1. Considering only DSSP beta bridges where both residues belong to the protein assembly as shown, give the percentage that are antiparallel (nearest 5).
2. Whole Å is fine, so just give me how far the alpha carbon centre of the range B:264-286 lies from that of the range A:214-231.
3. According to a simple spin-label model (label point 7 Å from Cα along Cα-to-Cβ), what is the distance in nm between B:Asp231 and B:Tyr161?
4. Over the range B:1-132, what is the relative contact order in whole percent, taking alpha-carbon pairs under 8 Å and six or more residues apart?
5. For n ≥ 4 DSSP H runs only, could you compute -39500 (n - 2.57) per run for chain B, divide by its residues and tell me the 222 nm figure to the nearest 500?
6. What is chain A by shape, rounded, prolate or oblate, if you read a ≥ b ≥ c off the alpha carbon gyration tensor as root eigenvalues and call it rounded for a/c under 1.5, prolate for a/b larger than b/c, and oblate otherwise?
7. Using modelled amide H (1.01 Å from N, peptide plane; none on Pro or chain starts), what sits under 5 Å from the amide H of B:Asp278, excluding residues fewer than 5 places away?
8. From the backbone phi of the range A:629-644, what are the Karplus-calculated ³J(HN,Hα) couplings (6.51 cos²θ - 1.76 cosθ + 1.60, θ = phi - 60°) in whole Hz, Gly and Pro given as x?
Amino acid sequence: MEDKKYLYKRNNIWWVKVAVPKSQRDKFGYDLRQTTGKSDLNEARSVRNHIVESLKSKFSETEKYVPLPSTKFMEKTNIDNPQYFHKVVDCQYACPAHTNVPEYIRLIAQKKYTDAYMLNWESNVFPGILGRVCDRPCEPACRRGRTHEKSVAICRLKRVTYDYKDDVEKYIPQSPKVKNGKRIALIGAGPASLTVARDLLPLGYECTIFEKDHKAGGLMRTNIPSFRLPADVLDEEIYRIINMGAELKLNSYIEKLKPVIDDYDSVFIGTGAPKGKDLKLKGREISSENIHIGIDWLTSIAFEHVKKIGKKVIVIGGGNTAMDCCRSALRLGATDVKVTVRSPFSQMKASEWEIEETMEEGIPILDNTSPKEFLFDDKGKLYGMKFEKMQQVEADGRKKMQSTGEEITIECDDVLLAIGQENAFPWIEKNIGIEFGEWEMPVVDKLTMQSTHPKVFFGGDSAWGPENIIWAVSHGHQAAISIDNFCSGVSLKDRPAPVTNLVSQKMGIHEWSYDNDVSQEKRISVPHEELSKSLKNLKTEVELGFDEELALEEAQRCLNCDMQTVFEDDLCIECDACVDICPTDCINFVDNDVEEKVRDKLRVPALNLDQSLYVSGKLKTGRRMVKDEDMCVHCGLCAERCPTGAWDIKRNAYKESHTLTNKIKAKEVA
Amino acid sequence: MSFKKPINHHPKLETNKLGLTRRDYEGAVSTLCAGCGHDSISAAIIESCFKLNIEAYKVAKLSGIGCSSKAPAYFLEQSHGFNSVHGRMPSVATGANCANRDLMYLGVSGDGDSASIGLGQFVHAIRRQVDMVYFVENNGTYGLTKGQFSATNDLESKNKYGEDNLFKPIDLATMAIQLGATYVARSFSGDRDQLIPLIMGAMQHKGFALLDIISPCVTFNNHDSSTKSYDYIRDHNEAVGKTDFVPLGEEISTSYKEGSSTEISLHDGSKLALEKTDANFDPRDAGKALNFIREKEKEGKVLTGLLYINDLAKDLNETLNVTQTPLSQLQQDVLCPGSKILDEINQSLS
């Protein structure tokens, strides 16, 4: 049978699909479709063959020039590459906005909360919000998770900067009186658009934000319940940006994009992934009165359209929205709330801490439970749901869920569906040059955030589907750079380099300018409001945050990963003092070899391949200093015990460039 | 800034048969100058004890006065220790050795402590064959008193301020061979691969083991005109061969060139495998060893490695027929033979 799958029709255009093998996608992109204009299989086949052949020749070209890694000896590490030491700061490297975490934690320890807040604000824009509800990619990355048990409570410390800061208004840049004449439309008043506005306003751009609801904030407001994120925190950080001089148009649903594109110099789309997935099971069509889409229901609560729910509630789904739904239901008067998840408990998508908090509130989570049917009585009233129990089996090396045949029925008054979100762009016309790819997602450049229409940029969930706030912020920064370049006639690929500053911390003999004591304290858990109080009121914040004393203690747990050990080959006399003093056996002097063998012959073999080896040039004895960055606790004793200063401890301040820093730098140079 | 070494160790750090890591054999953080060779030697002792699965409470560390003699504080925190008067460590070691044959004795001394004020003590400890490991952490200078020449400093080696040395050096290693020490090795603090097997061999050797370890003083004797600097030793070091320590019950795993390998059994059944670089050299022949050292000295080389070994000699306690039981554990009934025996003795005299 003829394979016709690669010829398909979308938006009234016939396409030939060519998928790139996974291993090559970094280099060549995901998909190299081309349009043929008509449904001719023969032509499609020849177009496809042509693309495949040219792709194949590119594969072999690249292979020719990349020598096999196994035959190449290690080279001296290039620490001038700003990414080298950046990567050592695990938390900062993992953060999409690359916030300088160790630096703000030190500022907290010094009680400089305002400075710490501003340092956060500069990179992640919403420290108060993110300090409560960030997805925290930094915490699993934290070095302490490897050297000790649990990571530093980075997110909770971020909240401390918000809670204890003084007035910061005087530090916030304002939009200049004389504008630069460029007008930018930002669609959706969520974190992505707000970030773009913040980055562009001080440069003199006129930013207009269109919001369909009557309040700004996007999913941060509608989908995160106020017991996790109080409205006053939201308002403060949103209006901090609006007050810089943005025009906010509420209740302004954009029905057609074309006029906006024509009217503005550039358009940013940050409309999120606003469509909750439905569950089309038997019985779904009978009545929808007691079956709710999770995110819509949360929105209705946020805007106080919904104030109660039935006594017995089932929440379907294992993500963070499910956790928010069940906890909200409990606060609206439900007495028997259950969460059902199709997968095993260990594979739930929700963040660990949200699952913990849900369970602390006494909500059972039934895993391996797949919904099968909505059950209605004669009058068409929902009275329960039928589920089947699942088990995970391994077939062909892949894990698969399979029914065990066992069925259970759970009674309920209401069902909340939290099984995922989708993007939806019914308001974008099909023929204005914005191309949509697979899953009806816009085709967006990973680096520049530009769509196939040069004036239109995407960011946040609307670009590649549901992520989280910190990713939206990161997209916003990148989009702002692109828009600034676009409006100034600069190539979008010409992006500002990160700003780094590597400064020695030596102040004198036995005197270093940081606290290197490695705290052995366990991670401090954040105090919670009493359940009896917090369950009564939807608006009572559950987490109370650290007080100053707890914050200081937690801040001391930070290992100062930005304090870099910097090695100077020429000064080393190979006395081994650093090898002997290093508490975690990171430092080695060995003969050079291929990386795999070097990793193997260290005092403690460097088996964590995610972490770099710091390799010196050839020393007097012909050996190399090789430091495994994996377990370094940055105590600085190598530098302290070095007789010649071959080791130094230098603070590496790494900052991603935003439009703002770029312009300020340009001004300084001028 | 804290100078405490963090207690964390690498979670994958190797453990020995006792379930201990290398870190468990450490002592206080060194207060010697940063980069001091003595710290490297302490680290080599730590590594050796770790590898030999030694229980720290079965070790006694003894020392005199000097930078070297501070070093015992920086390893084996849980061992016994005695910091004696300047140069008098060998006497204390001799006494302790007779009082308790169960302990391993590590004497840590320096060139001042052993080659000057304590030379008489040093000589007699060898003559009596005290069963101990005697470390000389040899830097050719009096570091603690600001860098005067010591008795082991080479004639041509100036001090830090450019002054000439007027006297010839004492070579403790050749002296020890002549006096009949049964395990004599020379090494360099900066060559841990050589040093550790030599220390392990010395620890398993029964009898007097001398380790003359050149240990650069980074503060006073690591300059261009010094013959005990890191650079000088690295340039002039000539090893008699490669020594491997082979623990009891293990096979020699390294392969050697035919005819060059010598195997020496130690008291406890472990072995030293020596790969010689020169056929004229034999560490079991004192005369040949001494000649070889002199030859190399003339060539301007510093000969390192296992220089002499004799594993058949009697140690002090065997010669004196000292009781196997530590004196502290001897009970009244053993120590006092009783009135019946006394009567017998008295009658035999009458």
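Derivation of every value follows stated rules applied to the coordinates shown; laboratory data play no part. Since the model is a prediction, treat every value here as computed from it, not as a measurement. Every residue, glycine as well, gets a Cβ built from its backbone with ideal geometry; the counts of neighbours run over all protein chains shown.
1. Values: 70 of 130 bridges.
Counting only bridges with both partners in the protein assembly as shown, antiparallel ones make up about 55 percent.
2. Comparing the Cα centres of the range B:264-286 and the range A:214-231, I get a distance of 79 Å.
3. Placing both labels 7 Å along Cα→Cβ, they lie 2.3 nm apart.
4. So the answer I get is 23 percent.
5. Result for chain B, helices only: -8500 deg cm²/dmol.
6. In terms of gyration-tensor shape, rounded.
7. Here the answer is none, since no amide H 5 or more places off falls under 5 Å of that of B:Asp278.
8. Result, ordered by residue: 6, 3, 10, 4, 9, 6, 6, x, 5, 4, 6, 5, 9, 7, x, 10 Hz.
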